[in-house]
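Notes follow the structure.
The values are calculated or read from the model by the stated rules, or taken from the named source; none is laboratory data. Owing to the predicted nature of the structure, the values given are computational and were not obtained by experimental measurement. Neighbour counts are summed over all protein chains in view; Cβ atoms, including those assigned to glycine, are modelled from backbone coordinates with ideal geometry. When the accessible area is computed, the model is the full protein with side chains, heavy atoms only, and any ligands, DNA or RNA have been set aside. Shrake-Rupley method; radii C 1.70, N 1.55, O 1.52, S 1.80 Å.
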Amino acid sequence: MIRRRRALETRDMPLTWPYLTSEIPAIAASIRRRLEDFQVDELPAYDPCGSGDHVYVRIEKAGLTTRQAILDVARALEIPPSTVGAAGRKDARGVTRQILSVEGVEPSRVLALDLPRIRILDVARHRAKLRLGSLRGNRFTIRLREVSTGRIGELEEVLRVLAGRGVPNYFGPQRFGMRGDTWEIGRSLVAADFASAVALIVGRPAAGDPASVGQARALAAAGHHGEAANAWPKGFADCARLCRSLERTHGDSQRAIFRLDRSVLGFYVSAYQAWLFNRVLAERLADLDRILPGDIAFSHRTGLCALVADPAAEQARAARFEISPTGPIAGFAMPAPQGEAERIERTILAEVGCAVKDLPRSGPLRCVGGRRPLRFPLEGVGMDSGTDRAGAYLELRFTLPPGSYATAVLREICKDRLRDGPADPSAE
């Protein structure tokens with residue numbers, strides 16, 4: 001376990017990461033004023049063969065997560081949700097066209113489905129279930145609103161830089177929670193500082209907390225765990241569960257916290273790993289397209305990583321976006337770089353008190369680790385302007401590889417001036 005407990009007390013670590021295009025001022029814009037403003041088209045890895053026990057169904061969903069769409073389709077077809085396959089997981093805030101697979105159902109039954117917020121576009125038979133990750137990428141069509149027409153040239157320059165050098169592959173703010181502290185919880189957990197982890201999860205009320213949340217946190221911080229459990233509002237089931245466990249264990253932080261689901265604990269640990277990766281990426285941002293001596297490079301064609309033997313020879317491949325340097329997902333199975341790349345990672349991890357060799361190797365806090373590319377490609381960029389019943393817009397179109405987020409592109413354009421969601425929350 002990490003023993004540098006003093007590092008756990010610092011709260012001045014960055015969550016606002018630097019921009020690759022920092023020399024271009026923020027371009028204010030709004031997205032998702034309407035669901036149709038954010039559209040995603042999955043690009044399948046292969047076409048169905050036309051025969052087999054599985055039916056591949058291309059759907060269009062609006063205002064639904066992929067998980068909810070799977071549940072709705074399974075319920076309508078009277079089949080277990082576990083028999084429905086999907087290549088990607090998409091959130092609810094937009095319109096998505098993607099493929100699901102269902103087993104043992106006639107295509108005519110699928111075509112006849114009439115479901116709220118789901119439209120059946122096409123069906124075809126195939127021999128195998130659709131597996132997560134079986135896609136070439138995603139094509140995004142995003143309408144930015146309230147953009148100054150005088151900034152179009154600068155916006156085009158941001159896109160030119162990103163298309164040429166790549167998009168910084170930061171983990172986004174959703175990984176760090178509403179209070180931005182899930183990484184701190186993860187760091188406390190792997191350091192066996194369970195009291196701090198509990199305080200971060202259910203205590204420490206802050207000025208920005210909603211009234212009901214602040215009340216629950218204040219009760220927990222004062223040791224009134226039973227009352228706190230009843231005070232948590234809907235949507236905070238894990239916080240209420242932890243408070244009930246604290247009540248039953250008479251405030252024993254370690255026993256109480258391990259009564260949370262493994263997936264919850266794993267999320268906190270992964271947030272810490274994500275934060276460490278972001279720290280390394282921020283350090284290497286100015287040269288995120290440069291192969292350093294000792295780098296472990298990611299192949300964008302195969303998805304595999306390999307130690308670079310000759311960085312000068314490999315730089316041409318990086319310029320063609322065949323490979324990219326990687327950063328650490330800290331854990332016992334993480335391949336270690338060498339040379340200059342290793343020095344950068346070792347320095348940053350030492351600054352924050354993380355010794356990779358001491359991270360948990362088993363149990364619910366297990367840190368397996370790996371490598372993650374510092375950038376991802378931006379392809380097929382297009383832009384048009386227009387007007388619809390919601391007003392003027394600037395439409396961006398681009399393609400990203402699987403697992404990459406359009407918000408990372410918008411982050412470079414808008415910096416901290418991106419407004420996300422309807423102007424009137426009741427409008428959707």
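What figure, in Å² to the nearest 10, do you get for the accessible area of residue 19 with a 1.4 Å probe and non-protein molecules left out?
50
Within 14 Å, Cβ to Cβ, of residue 219, how many net charges do the neighbouring residues add up to if Lys/Arg are +1 and Asp/Glu are -1?
0
Ordering 198, 356 by accessible area with a probe of 1.4 Å, largest first, what comes out?
Solvent-accessible surface, decreasing: 356, 198.
Return, for the Cα atoms of the stretch 306-428, the radius of gyration and Dmax in Å, separated by a comma.
In Å, with Rg to one decimal and Dmax whole: 20.5, 58.
Name the residues whose placed amide hydrogens come within less than 5 Å of the amide hydrogen of residue 88, ignoring near sequence neighbours (fewer than 5 apart) on the same chain.
Residues meeting the amide H criterion: 133.
Could you check the simple spin-label distance between residue 79 and residue 312, using points 7 Å along Cα→Cβ, in nm with one decimal?
Between residue 79 and residue 312, the label points sit 5.8 nm apart.
Can you pull the percent of the stretch 341-428's accessible area that's carbon plus sulfur, 1.4 Å probe, other chains left in place?
After summing per-atom areas, the C and S share lands at 49 percent.
Determine the dipole magnitude for the stretch 188-298: charges of +1 sit on the beta-carbon of Lys and Arg, -1 on that of Asp and Glu, nothing else is charged, the reference point is the Cα centre, and the result goes in debye to the nearest 20. Intermediate values should be presented prior to the final figure.
On the way: 12 positive and 11 negative charges, 72 e Å.
In total the dipole reaches around 340 debye.
Beta carbons within 10 angstrom, averaged per residue: use that to sort the peptides 299-310, 58-69, 199-210, 366-377, highest first.
With the highest mean Cβ count within 10 Å placed first, the list reads 366-377, 58-69, 199-210, 299-310.
Report the trypsin sites (Lys or Arg not before Pro) located in the stretch 220-253 that are in a DSSP loop and have at most 13 other Cβ atoms inside 10 Å of their Cβ, or state none.
Those satisfying the criteria are 234.
For the chain, what is the calculated [θ] at 222 nm in deg cm²/dmol (nearest 500), taking -39500 (n - 2.57) for each run of four or more DSSP H residues and dividing by its residue count?
-9500 deg cm²/dmol
Can you tell me the length gained on complete extension of the stretch residue 332 to residue 49, counting 0.36 nm per residue apart and subtracting the Cα distance?
Going from the current span to full extension adds 97.8 nm.
So, in Å, what gap is there between the alpha-carbon centers of the stretch 9-84 and the stretch 102-166?
Here the answer is 7 Å between Cα centres.
How much length would be gained if the chain were fully extended between residue 174 and residue 119, taking 0.36 nm per residue of separation minus their Cα-Cα distance, in nm to one decimal?
So the chain would gain 16.9 nm between residue 174 and residue 119.
With a probe of 1.4 Å, find how much accessible area the chain has per residue, and write the answer as a whole number in Å².
Averaged over the residues of the chain, the accessible area is 47 Å².
Based on DSSP H assignment, which helices of the chain show an axial Cα extent of at least 24 Å together with a mean Kyte-Doolittle hydropathy greater than or equal to -0.5?
In the chain, the long hydrophobic H runs are 262-284.
Can you give the Rg and Dmax of the chain based on its C-alpha atoms, in angstrom?
Considering the chain through its Cα atoms, Rg and Dmax are 23.5, 64 Å.
I need the phi-derived Karplus couplings for the stretch 204-209: 6.51 cos²θ - 1.76 cosθ + 1.60, θ = phi - 60°, integer Hz, Gly and Pro marked x.
6, x, 10, 4, x, 5
Give me the distance between the Cα centres of the stretch 256-333 and the stretch 168-236, rounded to whole Å.
Here the two parts' Cα centres lie 28 Å apart.
When DSSP beta bridges are limited to those with both residues in the chain, what percentage is antiparallel, rounded to the nearest 5?
Bridges in the chain are about 90 percent antiparallel.
Which shape class, rounded, prolate or oblate, goes with the stretch 114-266 when its Cα gyration tensor gives a ≥ b ≥ c as root eigenvalues, a/c under 1.5 marks rounded, and past that a/b bigger than b/c marks prolate?
Here the stretch 114-266 falls in the prolate category.
Compute the length gained on full extension between residue 111 and residue 255: take 0.36 nm times their separation in residues and subtract their Cα-Cα distance, giving the result in nm to one decimal.
Residue separation times 0.36 nm, minus the Cα-Cα distance, leaves 46.7 nm.
Under 5 Å between amide H atoms, partner at least 5 residues away or on a different chain: which partners does residue 326 have, H built in plane at 1.01 Å?
Here 296, 298, 374 satisfy the definition.
For the chain, what does the relative contact order come out to in percent, with C-alpha contacts under 8 Å and a separation of six or more?
Values: 820 pairs, mean separation 91.5, N = 428.
Computed over the chain, the figure is 21 percent.
Computed FRET efficiency, Cβ-Cβ of residue 322 and residue 419, R0 30 Å: what is it to the nearest 0.05?
0.25
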